[in-house]
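This report concerns only the one structure given below.
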Amino acid sequence: MQKTLKVKLKPLTKTDLKKLQKLKETYTAILKEALEIVIGNDVRTRKQAHDLCYDVLRQKYPKLHSKFVQEAYKRALSMYKSYLKLRKRYERGLLKSEPSLPKVNENNVIDLHIDTFKLVRVDETLVLSITIGKAEYARFIVLEYDYFTRHLEWKIQNSRIVVDKGIYLHLTLSRSVNPRPRENKLVIDVNEESIDCLLVIKEEEILFRIKHDIKKIRKNYRRIRRNIQKNVKNEGKRNELLAKYGERERNRVNDRIKKISSLITTLCVEFNADLVVENLKYLKNSKRRNKELNYRLQTLPYRKLLSSLEHKANEKEINVIKVNPNSSSITCPLCGFKSKRNRLNVSSFKCVKCGFEFDAQFVACLNLLSRADDSSLAIRHGRLIIRKAGYVVPVDVAPNEVPIREALREKPVLVVSKISVV
């Protein structure tokens with residue numbers, strides 16, 4: 001897993017600060033030239049970018065460390081590929097306005113390859129040393145804090161320096177994580193106003209709900225933005241206010257996401273449970289006709305919340321099981337019948353085939369549990385099923401007569417527990 005930590009830097013001398021400013025200007029110039037080459041030649045791969053950019057830029061900037069050239073064309077390629085993705089979405093009608101080609105007006109970021117910097121502790125002070133060129137260095141004191149220091153044992157990866165109202169190092173760290181399967185399961189279904197959960201502990205099921213106010217926060221700031229756009233006539237002041245309240249909204253939503261993720265992963269650790277979540281690849285951004293419906297569906301940042309959950313789970317070595325969430329809220333968990341008529345309203349579910357009634361938001365949790373393909377748990381015929389693997393053999397052959405190598409592995413044998421789901 002990877003983690004990026006932000007820490008403030010203080011130049012050792014005024015000369016080091018001047019060297020950094022000069023490096024930023026040079027790197028920005030290299031980035032602009034690399035982007036022009038990438039766009040002009042419609043470059044799609046890193047090899048093409050290297051062949052077209054590296055020799056040209058190295059000859060022009062021979063005194064600079066070669067890795068800065070490499071990081072510049074890699075970033076230029078990334079910018080162009082992001083534009084191509086937006087272009088495809090626009091052509092499919094998923095974007096209202098046509099995206100513009102990427103360009104570099106101002107750049108406050110210097111990408112650092114792992115070979116261009118190192119952290120050295122000198123008399124209990126952590127110092128960042130950046131290799132600018134042959135025998136040319138810039139050194140900075142790292143104003144470290146406890147959380148940052150605790151992670152210095154991790155492996156250091158390519159990082160970056162951001163110069164914006166101060167000098168900051170965005171240090172990327174990584175470590176190998178091997179989550180182990182756990183005895184129990186915690187299934188979550190993300191909804192607009194709550195996170196609905198099903199905790200399965202051995203032969204007992206606990207359904208509960210975690211309420212959140214992300215939808216309320218988003219609606220409140222949407223009202224504020226509309227008032228600003230309507231009442232503030234000065235364009236500069238209007239943009240300033242929109243940026244100010246936009247940042248506040250993002251911070252508050254991110255705060256809720258982090259708290260929800262911490263709470264859920266803490267429950268997984270406490271109850272020794274795997275985390276069952278919806279698979280992100282099935283959450284597609286489709287075009288819808290109703291503008292209000294579009295906004296309502298985008299109020300909750302599903303992808304950001306699920307990504308945060310996965311990140312926190314990896315950090316605590318919790319096994320994450322991803323399942324297909326398609327039609328999980330309209331499928332009966334007992335008989336498997338799928339129909340939109342099963343969903344009576346936001347909170348009510350009744351299967352039109354078998355008559356099963358339950359809270360609609362918890363139905364999705366039951367279906368997600370059933371789809372978790374781990375050969376241990378499932379919901380079948382109104383009961384919690386503990387599944388154990390068995391051999392599938394021909395009808396006329398007894399199980400103990402079949403060689404192991406010739407046995408076919410198919411659906412596991414079902415063992416029904418005594419505990420009912422409802």
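Taking the stated definitions as given, is L86 touching a Pro at 6+ places or on another chain (Cβ under 8 Å) and crowded, with 18+ Cβ neighbours inside 10 Å? Explain how you work it out, then say what you get.
Numbers: touching a Pro at 6+ places or on another chain (Cβ under 8 Å): yes; crowded, with 18+ Cβ neighbours inside 10 Å: no.
So L86 fails the test.
Mind checking which residues of segment 219-260 are closer than 30 Å to F358 by Cα and touching a Pro at 6+ places or on another chain (Cβ under 9 Å)?
Answer for segment 219-260, where residues must be closer than 30 Å to F358 by Cα and touching a Pro at 6+ places or on another chain (Cβ under 9 Å): just I257.
When you go through (1) buried (at least 19 other Cβ atoms within 10 Å of the Cβ); (2) hydroxyl-bearing (S, T, Y); (3) over 15 Å from E36 (Cβ atoms) one by one for S66, which number turns out not to apply?
With (1) buried (at least 19 other Cβ atoms within 10 Å of the Cβ); (2) hydroxyl-bearing (S, T, Y); (3) over 15 Å from E36 (Cβ atoms) applied to S66, the lone miss is (1).
Residues I114, I167, I156, I141: which one is open to solvent by less than 20 Å² (accessible area, probe 1.4 Å), in contact (Cβ under 8 Å) with a residue 40 or more places away in the chain and not small (G, A, S)?
Every option except I167 fails the conditions.
Looking at segment 257-271 only, could you name the residues that are in a helix (DSSP H, G or I) and surrounded by 16 or more Cβ atoms within 10 Å (Cβ to Cβ)?
Here is the first cut: in segment 257-271, the residues in a helix (DSSP H, G or I) are 257-270.
If the condition is that a residue be in a helix (DSSP H, G or I) and surrounded by 16 or more Cβ atoms within 10 Å (Cβ to Cβ), then I257, I260, S261, I264, T265, L267, C268 are the ones that fit.
Do we find that V277 is open to solvent by less than 40 Å² (accessible area, probe 1.4 Å) and either farther than 27 Å from E183 by Cα or modelled with pLDDT of 65 or more (or both) in this structure? Please lay out each step first, then the result.
Values: open to solvent by less than 40 Å² (accessible area, probe 1.4 Å): yes; either farther than 27 Å from E183 by Cα or modelled with pLDDT of 65 or more (or both): yes.
So V277 fits the description; yes.
So that you can scan it fast, the table gives a plain yes or no per residue for (1) at pLDDT below 95; (2) among the polar types (S, T, N, Q); (3) more than 20 Å from G166 (Cα to Cα); (4) loosely packed, with under 14 Cβ neighbours inside 10 Å:
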| residue | (1), (2), (3), (4) |
| --- | --- |
| Y73 | no, no, yes, no |
| A76 | no, no, yes, no |
| R92 | yes, no, yes, yes |
| P99 | yes, no, yes, no |
| V104 | yes, no, yes, no |
| V120 | yes, no, yes, yes |
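Taking the options K22, K18, K6, K10, name whichever one is open to solvent by 20 Å² or more (accessible area, probe 1.4 Å), touching a His at 6+ places or on another chain (Cβ under 6 Å) and closer than 16 Å to I161 by Cα.
K6
Please give the number of the condition L300 fails out of (1) out of contact with any strand residue (DSSP E or B) (no Cβ under 9 Å at 6 or more places or on another chain); (2) surrounded by 12 or more Cβ atoms within 10 Å (Cβ to Cβ); (3) over 19 Å from K322 (Cα atoms); (4) at pLDDT below 75.
(1)
Across segment 364-379, which residue is modelled with the lowest pLDDT among those that are part of a helix (DSSP H, G or I) and not small (G, A, S)?
By that ranking, first place goes to R371.
In the list E192, E144, E124, which residue meets the criterion of being at positive phi and modelled with pLDDT under 95?
Matching residue, one of E192, E144, E124: E124.
Which fully enclosed strands (runs of 3 or more DSSP E) of segment 312-363 have 1 or more residues being of a type in the set (S, T, N, Q)?
Because the criterion is at least 1 residues that are of a type in the set (S, T, N, Q), the strands (runs of 3 or more DSSP E) in segment 312-363 that meet it are 348-350.
In contact with a helix residue (DSSP H, G or I) (Cβ under 9 Å, 6 or more places away or on another chain), modelled with pLDDT of 90 or more and surrounded by 16 or more Cβ atoms within 10 Å (Cβ to Cβ): does that describe V200?
Against the criterion (in contact with a helix residue (DSSP H, G or I) (Cβ under 9 Å, 6 or more places away or on another chain), modelled with pLDDT of 90 or more and surrounded by 16 or more Cβ atoms within 10 Å (Cβ to Cβ)), V200 does not qualify.
The values are calculated or read from the model by the stated rules, or taken from the named source; none is laboratory data. Remember, it's a predicted structure, so these values are computed and weren't measured experimentally. Quick reminder, even Gly has a Cβ in these numbers, built from the backbone with ideal geometry, and neighbours come from all protein chains shown. Please note that ligands, DNA and RNA were not included when accessible areas were found on the heavy atoms of the full protein model with its side chains. Shrake-Rupley method; radii C 1.70, N 1.55, O 1.52, S 1.80 Å.
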